[in-house]
Amino acid sequence: MRVLPLLLVGPLVASAVLAVSSSYAQTDNDEAGELLEVIEVQQRRLDEQEREIADQKRAQQQLRRQVEALQERRTPIAPSATTVELTPSEQTELKILLERESKAAKVDWPGSFDVYGSKTRFKISGFVELDVTHDNNAIGTPSAFVTAAIATDGGTPPEGSDGLTNFSVQVSRLAVETRTPVSTHQLKTFISIDFFGDFSSTSPDPRLREAYGSVSDILLGGDLLLGQTWSTMTYLPSFPNTLDFEGPPAGVATRRAMLRWTRELRRCLKLKLAFEAPNSRTFTDADAASEWPDGIMALAWETDMVRIQGAVVRRDLRASVNDDFVVSEDAWGGNIAGRLNMPWSNRQDFLTFSYVSGDGIGGLLNDAPTDAIYDFAGDRLYDIPVNGGWLGFQHWWSPDFYSVVSYGELKANNREIQPPDAYRHAKYSSANLVWTPFPNWLFGFEVLHGSREDKDGARGSVTRFQFTSRLSF
């Protein structure tokens with residue numbers, strides 16, 4: 001394939017650049033000039049191959065139009081019309097064109113398959129995972145390390161106050177994705193499920209994770225997504241690769257129904273605007289009755305070295321008191337999260353980070369502290385400020401072994417009217433060793449430690465040991 005040389009150009013250019021940087025200290029100006037000529041030659045080759053790829057894409061579009069034209073000839077124009085039969089040579093031509101288009105699509109989307117007579121391609125993926133955990137103290141979530149669920153009152157034996165071992169397959173997942181070309185647009189759908197419907201149990205309980213569709217280049221040069229997926233505040237590349245399902249307490253990791261518009265403003269820079277379902281709200285002494293969706297704006301900058309996103313959210317905290325009257329409060333928040341590759345350490349090593357802060361946004365976070373509390377004396381709703389973040393580092397010991405260490409915190413600035421056992425502060429740390437004997441098979445061992453502190457100073461902590469085996473398909 002012509003695309004293959006393009007994949008090799010990046011390493012060649014990178015090696016030439018490194019050679020230039022070292023040559024300034026070791027060679028004279030003539031040698032440096034020769035190396036610069038090498039870079040220019042490689043750049044010209046890269047430009048040529050980019051033009052070839054563009055030509056291939058145009059040829060593929062023309063091929064698709066030919067297929068559509070031939071397919072229309074054998075399709076009835078009206079219910080009363082008769083089907084136009086293709087000649088043997090036209091049938092052979094159509095078959096060849098369909099095979100070429102199928103091969104081109106497979107290159108663009110590895111692992112996908114088509115259905116004869118349909119423009120839609122399908123891909124089925126997922127994994128089966130077994131997690132074995134042992135806790136030395138009480139935590140209310142046996143198969144996810146949720147620091148908010150750590151007992152600060154000693155807990156009970158069923159919660160693990162005397163130690164507890166659990167087996168779980170709840171993380172196992174199934175996903176189906178489709179892609180359909182329509183004129184110059186591409187329609188995508190995605191749906192996935194796991195078995196984490198009940199965090200307080202290890203029994204599998206099917207749960208819908210994501211269900212959305214998207215259309216490319218449909219509105220003002222941007223893509224439109226409608227359905228349920230990760231919040232626009234969420235930036236998945238910034239999350240550390242823990243074996244633990246939950247992750248740090250300050251993680252913005254909710255999935256909600258939404259309408260999102262995304263456009264590439266310039267190379268490497270994307271703008272995202274979204275309206276998201278007004279759920280993920282938790283109130284004390286009142287019930288959620290929000291009138292307006294969350295409004296979110298995010299900017300993502302992504303290069304080979306750095307991926308970073310900044311996002312802001314505006315929320316309508318509206319609550320019903322005793323099913324009688326409503327009170328409301330505006331809330332806001334922002335976060336910055338990213339991933340930094342570290343080639344000076346190891347070509348595959350990277351650092352992840354995040355910081356989140358705001359008033360009344362606790363329900364968007366992993367630990368989900370209270371968003372707001374109703375004050376009967378003052379007859380108003382008070383939002384609760386929160387702030388937190390994490391750092392993570394992934395290091396590859398060899399092509400088959402890697403480790404991830406992470407540390408995170410989340411703090412709620414309690415109001416005086418909150419009860420004594422209100423969530424105040426949590427800490428989370430993890431370290432693991434992961435072995436991938438085959439690309440689709442993962443083994444890992446992880447140690448996690450977490451603590452929770454309440455408003456009245458009550459504390460609890462848990463250390464968890466986790467073994468994980470994951471088979472992907």
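Summary of values
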| read-out | value |
| --- | --- |
| Long-range neighbours under 8 Å by Cβ, at least six apart or interchain, first residue in contact (Cβ under 8 Å) with a residue 24 or more places away in the chain within the range 154-183, second β-branched (Val, Ile, Thr) and part of a loop (DSSP other than H, G, I, E, B) | ASN166/THR202; PHE167/THR202; SER168/THR202; GLN170/THR202; THR178/THR120; ARG179/THR120; THR180/THR120 |
| Verdict on ARG424 being over 22 Å from HIS395 (Cβ atoms) and either surrounded by 17 or more Cβ atoms within 10 Å (Cβ to Cβ) or of a type in the set (Ser, Thr, Tyr) (or both) | yes |
| Residues located in the range 262-299, provided they are over 30 Å from HIS425 (Cβ atoms) and crowded, with 18+ Cβ neighbours inside 10 Å | THR262, LYS272, ALA274, PRO293 |
| Filtered residues of the range 454-473 (kept if in a strand (DSSP E or B) and buried (at least 17 other Cβ atoms within 10 Å of the Cβ)) | ASP454, GLY460, SER461, VAL462, ARG464, GLN466, THR468, ARG470 |
| Residue among ASP324, ASP330 that is touching a Leu at 6+ places or on another chain (Cβ under 9 Å) and surrounded by fewer than 15 Cβ atoms within 10 Å (Cβ to Cβ) | ASP330 |
| Wholly enclosed strands (runs of 3 or more DSSP E) of the range 191-305 bearing at least 1 residues under 19 Å from TRP332 (Cβ atoms) and in the same structural domain as THR141 (by TED's automatic domain parsing) | 255-266, 269-276, 294-302 |
| Residue within the range 401-409 that is surrounded by fewer than 20 Cβ atoms within 10 Å (Cβ to Cβ), charged (D, E, K, R) and assigned by TED's automatic domain parsing to the domain that holds VAL434 present | yes |
| Check on PHE127, closer than 30 Å to GLN466 by Cβ, surrounded by 11 or more Cβ atoms within 10 Å (Cβ to Cβ) and either hydroxyl-bearing (Ser, Thr, Tyr) or at pLDDT 90 or above (or both) | yes |
| Number of positions in the range 408-438 that are out of contact with any Lys or Arg (no Cβ under 8 Å at 6 or more places or on another chain), over 15 Å from ILE150 (Cβ atoms) and of a type outside the set (Val, Ile, Thr) | 9 |
| Single condition THR303 does not satisfy, out of (1) over 18 Å from the mean Cα position of the chain (by Cα); (2) farther than 15 Å from LEU365 by Cβ; (3) polar (S, T, N, Q) | (1) |
| Single residue of the range 360-411 satisfying the filter (among the hydrophobic types (A, V, I, L, M, F, W, C) and farther than 30 Å from SER328 by Cβ) that is farthest from the chain's Cα centre (by Cα) | TRP397 |
| Whichever residue in the range 330-344 is in contact with a Phe, Trp or Tyr (Cβ under 7 Å, 6 or more places away or on another chain) and free of Cβ contacts under 8 Å to residues at least 60 places away in the same chain and, among such residues, is farthest from LYS270 (Cα to Cα) | MET342 |
| Test result for PHE393, surrounded by fewer than 16 Cβ atoms within 10 Å (Cβ to Cβ) and either in contact with a Ser or Thr (Cβ under 9 Å, 6 or more places away or on another chain) or outside any strand (DSSP E or B) (or both) | no |
| Some residue of the range 317-331 being of a type in the set (A, V, I, L, M, F, W, C), under 25 Å from the mean Cα position of the chain (by Cα) and within 27 Å of SER429 (Cα to Cα) | no |
| Subset tally (residues that are free of Cβ contacts under 8 Å to residues at least 40 places away in the same chain and more than 30 Å from GLU416 (Cα to Cα)) for the range 446-473 | 1 |
| Pair list, Cβ < 7 Å and 6+ apart or interchain, from the range 200-214 residues that are on the phi < 0 side of the Ramachandran plot to residues that are exposed (fewer than 13 other Cβ atoms within 10 Å of the Cβ) | THR202/PHE167 |
| Answer from SER429, SER451 - the residue that is within 22 Å of the chain's Cα centre (by Cα) and surrounded by 15 or more Cβ atoms within 10 Å (Cβ to Cβ) | SER429 |
| Any hit, the range 403-426, residues being assigned to a strand (DSSP E or B), among the charged types (D, E, K, R), at pLDDT below 95 and out of contact with any Asp or Glu (no Cβ under 6 Å at 6 or more places or on another chain) | no |
| In the range 432-442, residue nearest to ALA372 (Cα to Cα) [restricted to those that are without any contact (Cβ under 8 Å) to a residue 60 or more places away in the chain and surrounded by 15 or more Cβ atoms within 10 Å (Cβ to Cβ)] | LEU433 |
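The values are calculated or read from the model by the stated rules, or taken from the named source; none is laboratory data. Note that the structure is predicted; figures quoted are calculated from it, not measured. Positions of Cβ are backbone-derived with ideal geometry, glycine not excepted, and every protein chain shown enters the neighbour counts.
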